[in-house]
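Here's the structure we're looking at; comments come further down.
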Amino acid sequence: MKFLIKFFCVFVFYLLFLTNTNTQQLQRNEIISAYLYNFAKNIQWQNEDLIKEFHFLVIGRDESLIKSLQSLSKTYTLRNKPIIVSASESLNNVTNVQLIFVTKDSENKLVEIFDKIEGENILLVSDGYKDKQLIMINFKEMANETVQFEINRANIINQHLRIMEDIIFWGGTEVDVAYLYKQGQQSLRKLQKQAEVLENKLLQLESTIDLKTKQIQQQKDNLAKHNSKISEQQIILDKQSNLLKNSENNLSKQIEKIEEQQKIFDIKSQELEDQKEALERGKELLSELNANINKQNSQIEKQTKVLAEQGKTISRQQDYMYLLVIIIILVILLVFVIYRGYKNKQGLSKILVQKVKERTRELKKLNEELEERVKERTLELQKSIEELNITTKSIKETNLELVKEIETRKIIEEKLTTSEKQLESILSFAPILVYINNIAGQYIFVNKEFEKLMEVTFEEVVNKTDLELFSKERAERNIAQNQKVISTKQPQIFENASQKKGGTRYFVDILFPLLDSNNEIYATCGWSLDITDRKVSEQILLEAKERAESADRLKSAFLATMSHELRTPLNSIIGFTGILMKGVAGPLNDEQLKQLGMAKGSAHHLLDLINDVLDISKIEADQLVVTFTKFNFNKMLQKVFLTFQPIAKNKNINLELIISDEDIEISSDERRVSQIFLNLINNAVKFTDKGSIKVDCQVTDKNIITKIIDSGIGISCKDMDKLFKPFSQVDIGLTRNHEGTGLGLSISKKLTEKLNGTISVESEVNVGSIFTVILPK
Amino acid sequence: MKTKVLIIEDNEKNMYMLSFLLRSENYEVIEAFSGIEGINAAINNEPDIILLDIQLPEMNGYTVAIKIRENEKLKKTPIVVVTSYAMPGDKEKAFESGATGYIEKPINPDTFILQMKSFLPHELLLKIGN
C-alpha cells in the first residue's frame with residue numbers, strides 16, 4: 001500500500017514536471033500568436049472596408065511561431081475577414097500587408113523595414129528590440145520568462161493607425177515619449193553642430209575657391225592686356241613696315257633718277273672729252289703754225305747770216321782798191337746795196353709779222369670760244385653735281401629714318417619677348433593645370449602643375465592627342481568637350497571625375513578658345529582645378545543634412561502628437577470640472593467647490609505648461625509663424641494690464657500703467673505681443689510681495705519702448721546669464737513658492753526677437769528688476 | 001422646436017461631456033463616433049449645427065467636412081471644428097475644408113455654448129431665445 005502511494009506520487013510529480021516544461025515551451029509561441037491576434041483586433045487600419053483579408057507577415061525563421069499563427073488563422077477571423085499568414089526572409093513585398101512581426105533573429109533588418117513601411121498604414125511588431133525610437137509594439141523578455149510588451153504610440157499614429165485604449169490593459173507599457181524626444185533633440189543638436197562645422201568648412205573652401213577664381217581672373221586680365229599690347233605693337237610694326245616700304249620705293253625712285261642723271265652726266269662727260277680732243281687738235285695746229293713761224297725765222301736768220309758774209313767780202317774788196325772812187329763807188333754801191341737789202345728785209349718781216357698776227361688772232365678767237373664752251377660745260381657739270389648732292393642728301397636722310405625704325409622695331413621685339421616669357425612663367429607656375437591643344441587636338445603646351453598631377457613631362461605629351469595619352473573613354477570625353485569649345489567659340493565649364501591611385505578625384509575644367517587676329521580659333525586652352533575636397537565635404541554635408549532632416553521630421557510628428565494627445569484628456573478634465581462647478585450636474589457644498597477649484601487650477605496650470613512647452617518646441621523647430629497686422633497698442637496693453645489687477649489687489653501691491661492717451665498704432669503679431677507682456681507682468685507680480693509694479697510705455701519715431709519696473713526679489717549678476725534660457729527658473733529653491741514653467745522669459749525673448757524687437761533686463765537683489773521691451777512700430 | 005446639434009467625436013469622455021453640456025442647455029444632440037457615421041447622421045438628420053473633431057478613425061475631420069459640404073442640403077450648415085490640434089496650419093486647413101468656426105480644446109464650459117452660438121444663423125438665435 002505504502003509502495004503504491006509512493007509510486008503514485010512520483011508519477012504525478014513526473015507528469016506535472018513534464019507537462020509544465022512542455023507548456024512553457026509552447027507557451028511563448030502561442031502567447032505571441034495570441035498577442036498578435038489581439039493587437040490586430042485592437043488596431044484600426046485606414047479604409048478597413050476595402051481590406052478583404054488581413055495579411056500577417058513574419059520576417060525570420062521561427063517555424064513554430066509560424067505554425068502556431070497559421071493554426072490560429074484557420075480557427076479565427078478578424079472582424080469577419082480571414083487572416084493570411086506568410087513568412088519571408090526577404091524584404092520585398094513588405095508594403096502589401098497589415099501587420100509585420102520581426103522575430104528576434106531578424107532584428108538587424110528592423111531599421112530597413114521601418115524605413116520601408118514608414119507612413120504606410122502597417123503595424124510593426126518586434127521582439128526584444130532595444131531602440132525604442134524605432135518600435136511600434138515590442139515584446140519584452142522579463143526575468144520570470146513571462147511575456148510583456150511596450151508601445152510607442154507616436155510611431156503607431158504616424159502610420160495612420162488607430163489604437164484602442166484597451167491594448168495597454170493586457171500587459172503593455174507605454175514608451176516614455178518625452179525621454180525619447182529629449183534624446184532625439186540632443187542628437188538633433190549634435191547633428192546641427194556637426195552641420196554648422198561642415199558649413200563653416202564649406203564656406204572656407206568656397207572663399208578659397210573665390211580667391212583662386214579671382215587670381216585666375218587677374219591672370220586672365222593680364223593675359224588680355226598683354227595680348228592687346230602685342231596687337232597694338234603689331235599694328236605699330238605694320239605701320240612702320242608700310243612706311244619703310246614707302247621710303248624704300250622713294251629710295252628706288254631716287255636711285256632711278258640718280259641713274260638717269262648719271263647717264264646724262266656720262267653723255268655730257270663724253271661730249272666734254274670730245275671737246276677736249278678738239279681743243280688738243282687746235283693746240284696741235286697752233287704748235288704746227290708756231291713751228292712754221294720758227295722755220296721762217298730760222299730762214300730769215302740764215303739769210304741775215306748770208307748777208308753778213310756778203311758785207312765782209314765787200315769790206316775786204318775796199319781794202320784791196322785803195323782808191324777813193326772805188327771806195328766811194330763801192331760805198332755808194334754798198335749804201336745802195338745795204339739800202340736795198342734793208343728795204344727787202346723790211347717788206348718780208350712786215351708780211352711775216354702780219355701773218356703771225358693773223359694766226360695769233362685766230363688762235364685767240366678759237367681759245368676764247370673753247371674757254372667759253374668749257375665754262376658752259378663746267379657750269380652744267382656744277383649744276384648736275386649740285387643736283388646729285390641734293391639727291392645724296394635725301395638718300396642719307398631716308399637711310400637715317402630707316403635705321404631709327406629698325407631700332408624701334410628691335411625695342412618692340414625685345415618687349416614682345418619679355419612679355420611672352422612673362423606669360424609663359426605665369427602659366428607654367430600657376431597652381432592649377434593649364435594646357436593648350438591645337439585644332440587637331442594635339443597638346444602644344446602643358447604647365448608644371450599638369451606635369452606634376454598627370455605624372456608626365458612636356459616632352460612626353462607634346463604633339464600627342466588625348467587618344468594617345470589616356471584611356472579611350474576619357475580621351476573621347478576630352479575630345480567632345482574640346483569640340484564644343486571649337487564649335488561654339490565660347491568658353492565652356494565642365495566637371496570631370498578621374499580615377500587616381502588614391503581614389504576618384506574631381507576637377508572643374510574651364511575650356512576656352514584661343515583666337516588669332518582674324519578671329520579664327522587656332523587652339524583651345526584649358527584650366528583644371530582640383531575640387532575633390534569640396535566634393536567630399538559637400539557629400540558629408542548632404543548626408544548630415546539628410547540625417548538632420550529625418551530627425552526634424554520625427555520631431556515635427558512628435559510635436560503634433562504631443563499637442564493632440566496631451567490636450568485630449570485635459571479637455572475632459574477641464575470640461576467636467578467646469579460643468580461640475582457650474583452646478584449643472586447638481587449643487588455642491590463649499591468644500592467640494594474649493595477642491596474642484598484646486599483641481600481646475602492644476603489642470604489649467606498643466607495646460608499652460610503644455611502650451612509653453614509646445615511654444616518653445618515650435619520656436620526651436622522654427623515652426624512658429626508670426627503674422628504682422630496693424631493694431632492698437634494701447635488697447636492691447638490695457639487689456640493685459642487689467643488681467644493682473646485682481647491678483648495685485650490680493651497681494652496688496654500697487655499696479656500702475658503709464659501710457660499716453662493717444663492711440664499708438666503698431667504693425668506686429670497682436671497675440672504674440674500680448675503673450676510677451678502677459679509673461680513679463682505675470683513674472684513681476686509673481687516675484688513681488690510688497691511695493692509696486694510700474695508699466696511705463698514710451699513711443700519714439702520708430703519704436704515702442706515698454707519698461708516693466710518691479711520692487712521684487714531681483715536677480716543676482718551670476719543668474720543674469722541663464723535668465724532667458726529654457727527651464728531655468730533662477731533660484732531652484734523658489735520653485736515651490738513660485739509656480740511656473742521657467743519657460744516664460746525664454747519664450748518672451750524668442751518671440752520678441754521673432755518680431756524684430758529686443759528684450760533686456762537690469763536688476764538688483766532685493767531692490768527690484770526692470771525689464772525693457774523694444775518693439776518696432 | 002429644439003436646436004439640433006450633431007457632435008462628431010470619437011473620444012467617449014469628450015462626447016459625454018459635450019452632450020451633457022448641450023442637453024443641460026436644452027439642445028437636441030445627435031452623437032456620431034466616426035467620420036462616416038457623422039456624414040450619414042448629417043444627411044439623415046439635417047442638424048442646425050455640426051461640432052466636428054479632426055482626429056477621427058478611418059476618415060479625418062477635414063475629409064468629413066469636405067464630404068458634408070458635397071451634399072446640397074448641408075451647404076450652409078455651420079460646421080464648427082472643435083479640436084486639440086494646435087500646430088501651425090491646422091486652423092487654415094480646417095477653413096479650407098469648409099469649416100465655419102474653430103474652437104480649440106480644451107473647451108471652457110463657461111463660454112463654450114456662447115462660442116458655439118456665435119456661429120449659428122441669426123434666425124436660429126432668435127428661436128433659441130424663444
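The values are calculated or read from the model by the stated rules, or taken from the named source; none is laboratory data. Small disclaimer: the values here were computed from a predicted structure and weren't measured. No Cβ is skipped: glycine too gets one built from the backbone with ideal geometry, and neighbour counts run over all protein chains shown. All accessible areas refer to the heavy atoms of the entire protein, side chains included, with ligands and DNA or RNA removed. Shrake-Rupley method; radii C 1.70, N 1.55, O 1.52, S 1.80 Å.
Between A:333, A:381, which is open to solvent by less than 100 Å² (accessible area, probe 1.4 Å) and touching a residue at least 24 places away in the same chain (Cβ under 8 Å)?
Of A:333, A:381, the one residue that is open to solvent by less than 100 Å² (accessible area, probe 1.4 Å) and touching a residue at least 24 places away in the same chain (Cβ under 8 Å) is A:381.
If you check B:3, B:63 for being more than 30 Å from residue A:608 (Cα to Cα), in contact with an Asp or Glu (Cβ under 6 Å, 6 or more places away or on another chain), among the hydroxyl-bearing types (Ser, Thr, Tyr) and more than 9 Å from every other protein chain (Cβ to nearest Cβ), only one passes: B:3. Restrict the check to the range A:614-631 and report whether at least one residue is more than 10 Å from chain B (Cβ to nearest Cβ), open to solvent by 80 Å² or more (accessible area, probe 1.4 Å) and in a helix (DSSP H, G or I). Within the range A:614-631, none of the residues are more than 10 Å from chain B (Cβ to nearest Cβ), open to solvent by 80 Å² or more (accessible area, probe 1.4 Å) and in a helix (DSSP H, G or I). Looking across the range A:108-119, the residues that are surrounded by fewer than 20 Cβ atoms within 10 Å (Cβ to Cβ) and part of a helix (DSSP H, G or I) come down to A:108, A:109, A:111, A:112, A:115, A:116, A:117.
In the range A:479-494, the residues that are modelled with pLDDT of 90 or more reach residues that are assigned to a helix (DSSP H, G or I) with C-beta atoms within less than 6 angstrom, at least six apart or across chains, in these pairs: A:479/A:466; A:492/A:484; A:492/A:485; A:494/A:481.
Here A:234, A:183 are screened, and the one residue that is touching a residue at least 12 places away in the same chain (Cβ under 8 Å) and closer than 30 Å to residue A:397 by Cβ is A:234. Residues considered: A:655, A:609. Of these, the only one that is in contact with a strand residue (DSSP E or B) (Cβ under 8 Å, 6 or more places away or on another chain) and more than 8 Å from chain B (Cβ to nearest Cβ) is A:655. Residue B:33 meets the stated requirement of being among the aromatic types (Phe, Trp, Tyr) and open to solvent by 10 Å² or more (accessible area, probe 1.4 Å).
All told, residue A:361 falls short of being within 22 Å of residue A:283 (Cβ to Cβ), more than 60 Å from the chain's Cα centre (by Cα), in contact (Cβ under 8 Å) with a residue 40 or more places away in the chain and open to solvent by 90 Å² or more (accessible area, probe 1.4 Å). When you scan the range A:689-697, do you find a residue that is open to solvent by less than 20 Å² (accessible area, probe 1.4 Å) and closer than 18 Å to residue A:775 by Cα, even just one? Yes: the range A:689-697 contains one or more residues that are open to solvent by less than 20 Å² (accessible area, probe 1.4 Å) and closer than 18 Å to residue A:775 by Cα.
Here residue B:24 passes the criteria (1) under 12 Å from the mean Cα position of the chain (by Cα); (2) over 30 Å from residue A:617 (Cα atoms); (3) within 14 Å of another protein chain (Cβ to nearest Cβ) except the one numbered (1). Scanning the range A:84-106 for residues that are surrounded by fewer than 18 Cβ atoms within 10 Å (Cβ to Cβ) and either over 17 Å from residue A:55 (Cβ atoms) or not assigned by TED's automatic domain parsing to the domain that holds residue A:63 (or both) gives A:104, A:105.
Do we have residue A:730 as among the aliphatic types (A, V, I, L, M), assigned to a strand (DSSP E or B) and either open to solvent by less than 20 Å² (accessible area, probe 1.4 Å) or modelled with pLDDT under 85 (or both) here? It is false that residue A:730 is among the aliphatic types (A, V, I, L, M), assigned to a strand (DSSP E or B) and either open to solvent by less than 20 Å² (accessible area, probe 1.4 Å) or modelled with pLDDT under 85 (or both).
Only residues that are in a loop (DSSP other than H, G, I, E, B), farther than 17 Å from residue A:624 by Cα and within 14 Å of another protein chain (Cβ to nearest Cβ) were counted in the range B:85-111, giving 7.
Listed by first and then second residue, the pairs with beta-carbon distance under 8 Å, at least 6 apart or on different chains, first residue in the range A:601-613 and under 17 Å from residue A:559 (Cβ atoms), second among the basic types (Lys, Arg), are A:607/A:567; A:610/A:567. Scanning the range B:47-82 for residues that are among the β-branched types (Val, Ile, Thr) and either open to solvent by 40 Å² or more (accessible area, probe 1.4 Å) or over 22 Å from residue A:47 (Cα atoms) (or both) gives B:49, B:50, B:63, B:66, B:77, B:79, B:80, B:81, B:82.
When the range A:120-134 is filtered for residues that are without any contact (Cβ under 8 Å) to a residue 60 or more places away in the chain, surrounded by 17 or more Cβ atoms within 10 Å (Cβ to Cβ) and more than 20 Å from residue A:54 (Cα to Cα), the ones remaining, listed by number, are A:129, A:134.
If I ask for residues that are within 14 Å of another protein chain (Cβ to nearest Cβ) and either farther than 21 Å from residue A:154 by Cβ or within 10 Å of the chain's Cα centre (by Cα) (or both), which ones from the range B:37-60 would you list?
Kept after step one, since they are within 14 Å of another protein chain (Cβ to nearest Cβ), are these residues of the range B:37-60: B:37, B:39-40, B:51, B:53-60.
Correct list: B:37, B:39, B:40, B:51, B:53, B:59.
Look at (1) open to solvent by 90 Å² or more (accessible area, probe 1.4 Å); (2) closer than 30 Å to residue A:236 by Cβ and you find that residue A:366 fails only one, number (2). Restricting A:251, A:285, A:211 to residues that are of a type in the set (A, V, I, L, M, F, W, C) and either touching a residue at least 40 places away in the same chain (Cβ under 8 Å) or under 30 Å from residue A:390 (Cβ atoms) (or both) narrows the list to A:251. The set of residues from the range A:42-63 being away from chain B (no Cβ under 14 Å), over 58 Å from the mean Cα position of the chain (by Cα) and surrounded by 14 or more Cβ atoms within 10 Å (Cβ to Cβ) comprises just one member, A:62. Among the residues of the range A:153-183, those identified as over 22 Å from residue A:122 (Cα atoms) and modelled with pLDDT of 80 or more are A:182, A:183.
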